[in-house]
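The values are calculated or read from the model by the stated rules, or taken from the named source; none is laboratory data. Because the structure is a prediction, the values reported are computed rather than measured. Please note: Cβ atoms are built from the backbone with ideal geometry, for glycine as well, and neighbour counts cover all protein chains shown. Please note that ligands, DNA and RNA were not included when accessible areas were found on the heavy atoms of the full protein model with its side chains. Shrake-Rupley method; radii C 1.70, N 1.55, O 1.52, S 1.80 Å.
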Amino acid sequence: MNVAVMVSGRGSNLRALVSAYDDGRLDPATSRIALVLSNVADAPALAFAEFRGLPTQVIPHGRDRHAFEAAVDEALRTHAVDLVVLAGFMRLLSPGFVARWSGRIINVHPSLLPSFRGLHAQRQALEAGVTIAGCTVHHVDAGTDTGPILAQAAVPVLPNDTEETLSARILVEEHRLLPLVVGQLVQARHD
Ligand code: GRF
(Lines give C-alpha, C1' and ligand atoms only; values in the text may rest on other atoms or scores of the structure.)
Protein backbone atom coordinates (compact mmCIF):
# COMPACT_ATOMS: atom_id res chain seq x y z
CA MET A 1 0.00 0.00 0.00
CA ASN A 2 1.40 3.36 -1.00
CA VAL A 3 0.88 6.04 1.62
CA ALA A 4 1.11 9.76 0.94
CA VAL A 5 1.57 12.08 3.89
CA MET A 6 0.38 15.65 3.36
CA VAL A 7 2.02 18.24 5.59
CA SER A 8 2.30 21.99 6.07
CA GLY A 9 4.47 22.51 9.11
CA ARG A 10 6.35 20.87 11.95
CA GLY A 11 5.88 17.26 10.89
CA SER A 12 5.88 15.46 14.22
CA ASN A 13 3.15 13.10 13.02
CA LEU A 14 5.19 12.35 9.91
CA ARG A 15 8.13 11.55 12.21
CA ALA A 16 5.86 9.29 14.25
CA LEU A 17 4.91 7.36 11.12
CA VAL A 18 8.53 7.03 10.05
CA SER A 19 9.45 5.84 13.58
CA ALA A 20 6.78 3.17 13.30
CA TYR A 21 8.45 1.85 10.14
CA ASP A 22 11.84 2.08 11.88
CA ASP A 23 10.81 0.05 14.91
CA GLY A 24 8.61 -2.49 13.13
CA ARG A 25 5.12 -1.35 14.18
CA LEU A 26 4.55 -0.74 10.46
CA ASP A 27 5.84 -3.31 8.00
CA PRO A 28 7.65 -1.92 4.95
CA ALA A 29 6.72 -5.15 3.14
CA THR A 30 3.04 -4.19 3.13
CA SER A 31 3.08 -0.39 3.08
CA ARG A 32 5.48 2.45 2.56
CA ILE A 33 5.53 6.23 2.48
CA ALA A 34 5.46 6.80 -1.26
CA LEU A 35 5.22 10.59 -1.12
CA VAL A 36 5.45 13.46 1.33
CA LEU A 37 3.54 16.34 -0.16
CA SER A 38 3.76 19.83 1.29
CA ASN A 39 2.01 23.04 0.34
CA VAL A 40 4.71 24.98 2.22
CA ALA A 41 8.21 24.98 0.73
CA ASP A 42 10.06 25.62 4.00
CA ALA A 43 8.03 23.29 6.21
CA PRO A 44 10.25 21.46 8.72
CA ALA A 45 8.25 18.33 7.83
CA LEU A 46 9.63 18.53 4.32
CA ALA A 47 13.22 18.94 5.50
CA PHE A 48 12.80 15.85 7.67
CA ALA A 49 11.35 13.87 4.74
CA GLU A 50 14.28 14.86 2.55
CA PHE A 51 16.73 13.98 5.32
CA ARG A 52 15.14 10.53 5.51
CA GLY A 53 15.29 10.11 1.74
CA LEU A 54 11.54 9.99 1.26
CA PRO A 55 10.06 11.13 -2.06
CA THR A 56 8.87 14.71 -1.62
CA GLN A 57 6.94 17.23 -3.62
CA VAL A 58 6.03 20.83 -2.91
CA ILE A 59 2.83 22.18 -4.40
CA PRO A 60 2.29 25.77 -3.27
CA HIS A 61 -1.38 26.46 -2.69
CA GLY A 62 -1.35 29.80 -4.50
CA ARG A 63 -4.66 31.46 -5.21
CA ASP A 64 -6.34 28.96 -7.46
CA ARG A 65 -7.69 26.09 -5.39
CA HIS A 66 -8.76 24.17 -8.46
CA ALA A 67 -5.26 24.24 -9.95
CA PHE A 68 -3.72 23.36 -6.58
CA GLU A 69 -5.97 20.36 -6.09
CA ALA A 70 -5.50 19.20 -9.68
CA ALA A 71 -1.73 19.22 -9.09
CA VAL A 72 -2.11 17.34 -5.79
CA ASP A 73 -4.38 14.79 -7.44
CA GLU A 74 -1.88 14.26 -10.24
CA ALA A 75 1.00 13.83 -7.78
CA LEU A 76 -0.96 11.26 -5.78
CA ARG A 77 -1.82 9.32 -8.94
CA THR A 78 1.73 9.50 -10.25
CA HIS A 79 2.92 7.84 -7.04
CA ALA A 80 0.09 5.28 -7.17
CA VAL A 81 -1.09 6.38 -3.75
CA ASP A 82 -3.64 4.18 -2.00
CA LEU A 83 -3.97 6.11 1.25
CA VAL A 84 -3.62 9.84 1.93
CA VAL A 85 -2.75 10.86 5.49
CA LEU A 86 -3.33 14.50 6.38
CA ALA A 87 -0.76 15.10 9.12
CA GLY A 88 -0.80 18.75 10.01
CA PHE A 89 -1.92 19.71 6.52
CA MET A 90 -3.40 23.15 7.04
CA ARG A 91 -5.52 23.68 3.92
CA LEU A 92 -9.16 22.80 3.54
CA LEU A 93 -9.76 20.48 0.60
CA SER A 94 -12.79 20.95 -1.63
CA PRO A 95 -15.73 18.52 -1.54
CA GLY A 96 -14.85 17.45 -5.09
CA PHE A 97 -11.29 16.52 -4.17
CA VAL A 98 -12.38 14.73 -1.03
CA ALA A 99 -15.06 12.82 -2.95
CA ARG A 100 -12.44 11.56 -5.42
CA TRP A 101 -10.36 10.20 -2.52
CA SER A 102 -13.26 9.15 -0.36
CA GLY A 103 -12.42 6.20 1.89
CA ARG A 104 -8.73 6.67 1.09
CA ILE A 105 -8.02 9.91 2.98
CA ILE A 106 -7.65 10.27 6.74
CA ASN A 107 -6.79 13.09 9.14
CA VAL A 108 -5.48 13.40 12.67
CA HIS A 109 -7.18 16.06 14.75
CA PRO A 110 -6.26 17.17 18.29
CA SER A 111 -9.66 16.83 19.93
CA LEU A 112 -12.21 14.20 20.80
CA LEU A 113 -14.46 14.79 17.81
CA PRO A 114 -17.20 15.80 17.33
CA SER A 115 -16.12 18.34 19.94
CA PHE A 116 -13.83 21.21 18.93
CA ARG A 117 -13.58 21.02 15.19
CA GLY A 118 -11.36 23.34 13.20
CA LEU A 119 -8.44 25.44 14.35
CA HIS A 120 -7.07 25.72 17.91
CA ALA A 121 -8.90 22.63 19.13
CA GLN A 122 -6.83 22.46 22.31
CA ARG A 123 -7.60 26.11 23.13
CA GLN A 124 -11.28 25.42 22.49
CA ALA A 125 -11.12 22.50 24.91
CA LEU A 126 -9.51 24.64 27.62
CA GLU A 127 -12.03 27.43 27.10
CA ALA A 128 -14.91 24.95 27.36
CA GLY A 129 -13.54 23.68 30.68
CA VAL A 130 -13.58 20.00 29.73
CA THR A 131 -11.62 17.67 31.99
CA ILE A 132 -10.90 15.10 29.30
CA ALA A 133 -9.37 15.97 25.93
CA GLY A 134 -7.69 13.88 23.26
CA CYS A 135 -7.26 13.22 19.59
CA THR A 136 -9.13 11.59 16.75
CA VAL A 137 -8.09 9.89 13.54
CA HIS A 138 -10.96 10.04 11.09
CA HIS A 139 -11.88 9.62 7.47
CA VAL A 140 -12.03 12.95 5.68
CA ASP A 141 -15.33 13.99 4.16
CA ALA A 142 -16.59 17.27 2.74
CA GLY A 143 -16.96 18.92 6.17
CA THR A 144 -14.27 20.26 8.48
CA ASP A 145 -13.26 17.43 10.84
CA THR A 146 -16.64 15.74 10.36
CA GLY A 147 -15.80 12.39 8.71
CA PRO A 148 -16.36 8.95 10.24
CA ILE A 149 -14.19 8.32 13.28
CA LEU A 150 -11.58 5.57 13.04
CA ALA A 151 -9.94 5.83 16.46
CA GLN A 152 -9.66 8.13 19.46
CA ALA A 153 -7.43 8.50 22.49
CA ALA A 154 -8.20 10.51 25.62
CA VAL A 155 -5.92 12.47 27.94
CA PRO A 156 -6.76 14.33 31.16
CA VAL A 157 -6.89 18.11 31.24
CA LEU A 158 -4.94 19.15 34.32
CA PRO A 159 -5.76 22.17 36.47
CA ASN A 160 -2.82 24.32 35.41
CA ASP A 161 -2.78 23.31 31.76
CA THR A 162 -1.91 25.87 29.12
CA GLU A 163 -2.55 25.41 25.42
CA GLU A 164 1.07 24.27 25.14
CA THR A 165 1.03 21.67 27.91
CA LEU A 166 -2.30 20.24 26.82
CA SER A 167 -1.20 20.14 23.17
CA ALA A 168 1.97 18.28 24.14
CA ARG A 169 0.00 15.68 26.10
CA ILE A 170 -2.42 15.18 23.21
CA LEU A 171 0.43 14.99 20.70
CA VAL A 172 1.91 11.95 22.45
CA GLU A 173 -1.36 10.18 21.78
CA GLU A 174 -1.54 11.42 18.17
CA HIS A 175 1.87 9.91 17.57
CA ARG A 176 0.73 6.57 18.97
CA LEU A 177 -2.68 6.51 17.31
CA LEU A 178 -1.84 7.55 13.75
CA PRO A 179 0.58 4.68 13.01
CA LEU A 180 -1.84 2.30 14.69
CA VAL A 181 -4.68 3.33 12.39
CA VAL A 182 -2.47 3.24 9.30
CA GLY A 183 -1.47 -0.29 10.29
CA GLN A 184 -5.12 -1.27 10.71
CA LEU A 185 -6.02 0.13 7.29
CA VAL A 186 -3.11 -1.70 5.68
CA GLN A 187 -4.18 -4.90 7.45
CA ALA A 188 -7.80 -4.47 6.37
CA ARG A 189 -6.69 -4.19 2.78
CA HIS A 190 -4.70 -7.39 3.01
CA ASP A 191 -7.48 -9.41 4.74
C1 GRF B 1 -1.34 18.11 15.04
O2 GRF B 1 -1.75 18.51 16.32
C3 GRF B 1 -2.52 17.59 14.26
O4 GRF B 1 -3.47 16.96 15.05
C5 GRF B 1 -3.08 18.84 13.68
O6 GRF B 1 -1.99 19.65 13.39
C7 GRF B 1 -0.89 19.29 14.20
C8 GRF B 1 0.23 18.93 13.29
O9 GRF B 1 1.42 18.67 13.95
N10 GRF B 1 -3.93 18.53 12.54
P11 GRF B 1 2.66 18.06 13.20
O12 GRF B 1 2.95 18.94 11.97
O13 GRF B 1 2.33 16.65 12.79
O14 GRF B 1 3.77 18.13 14.19
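Observations
- Highest-first arrangement of 77-85, 4-12, 129-137, where packing means the average Cβ count within 10 Å: 4-12, 129-137, 77-85
- For segment 61-191, carbon and sulfur atoms together expose 55% of the accessible surface, with a 1.4 angstrom probe and every protein chain in place.
- Accessible heavy-atom area order of Phe116, Phe51, highest first, probe of 1.4 Å: Phe51, Phe116
- For the chain, the membrane-span-like helix rule (DSSP H, alpha carbon extent of at least 27 Å along the helix axis, mean Kyte-Doolittle at least -1.0) picks out 163-190; this says nothing about an actual membrane.
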